[in-house]
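See below for the structure under consideration.
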Amino acid sequence: MKILKSKKIEYRKFNALKGSMSQYFADDSKLVPFTELKIVAKDDFDVAKSAKEGAKIKISGISKGKGFAGVMKRWGFSGGPATHGQKNTQRSPGSIGTQGAGRVIPGKKMPGRDGSKKVTMFTNLVSVDKGQGLIKVKGAIPGARNSKVVVYFANDFGFDQSEEIAKQHSEDLKTSVVDLPDNQKPQSEDRGSVFSRENTRLDPSAKADGVTLENKDES
């Protein structure tokens with residue numbers, strides 16, 4: 001029997017400052033947006049600049065604060081109807097519970113303060129600008145300009161194994177197979193060849209686990 005045991009992927013993290021966004025044309029003529037990040041510590045940049053282009057990285061930052069927002073902006077609600085006798089319900093949340101419960105169920109999506117929360121995302125490393133000390137990552141990342149973000153490179157950074165890390169970037173956890181101790185393993189299905197592979201008929205003289213099998217059909 002095998003047990004799947006979760007094992008966290010080890011990361012090494014750098015502190016960086018979010019810069020401006022831009023875009024470039026890829027080899028297939030597709031427009032690809034990217035964000036510039038400036039690594040704070042020089043020693044960290046000396047290590048990060050050896051990473052391969054296209055390596056998968058994880059970035060965490062504090063999203064922009066949006067203040068008190070309604071359900072359409074905060075949760076993406078579609079809003080109410082604008083006609084058929086409705087009035088002032090275009091952006092209302094609608095029903096917030098049942099009459100029988102007599103209360104609002106905890107976790108109900110309602111208006112409130114939006115943004116200013118930690119957001120973690122995965123993206124690709126586009127390139128490294130060694131002259132200006134910048135790394136460019138694909139797409140937009142959380143936070144305002146000049147805000148602090150944390151950049152996580154997977155263990156070994158993908159410097160020599162970026163292709164393997166690219167296949168695992170969408171999961172924080174991976175599974176490894178662990179064998180049970182010998183005293184907890186189930187008994188083997190091999191019963192001393194009681195059933196012959198050549199002949200599936202039961203052999204009365206065969207022994208299994210030290211017990212002689214008797215043929216009860218004998219008359």
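The values are calculated or read from the model by the stated rules, or taken from the named source; none is laboratory data. Since the model is a prediction, treat every value here as computed from it, not as a measurement. Glycine gets a Cβ as well: all are built from the backbone with ideal geometry, and neighbour counts include every protein chain shown.
Could you tell me which residue of region 23-60 is nearest to Arg145 (Cα to Cα), considering only residues that are assigned to a loop (DSSP other than H, G, I, E, B) and hydrophobic (A, V, I, L, M, F, W, C)?
We begin by selecting, within region 23-60, every residue assigned to a loop (DSSP other than H, G, I, E, B); these are 26-30, 40-41, 49-55.
Okay, now just the ones that are also hydrophobic (A, V, I, L, M, F, W, C), so 26, 40-41, 51, 55.
On the way: Ala26: 25, Val40: 15, Ala41: 18, Ala51: 24, Ala55: 24 Å.
Ranking the candidates gives Val40 first.
Somewhere in region 106-116, is a residue surrounded by 15 or more Cβ atoms within 10 Å (Cβ to Cβ), part of a strand (DSSP E or B) and modelled with pLDDT of 95 or more?
Yes: one or more hits.
Given (1) within 22 Å of Pro142 (Cα to Cα); (2) surrounded by 12 or more Cβ atoms within 10 Å (Cβ to Cβ), identify the lone condition not met by Leu31.
(2)
Given the criterion at positive phi and in a loop (DSSP other than H, G, I, E, B), identify the matching residue among Gly65, Gly85. Break it down stepwise before answering.
On the way: Gly65 fails: at positive phi.
On inspection, the qualifying residue turns out to be Gly85.
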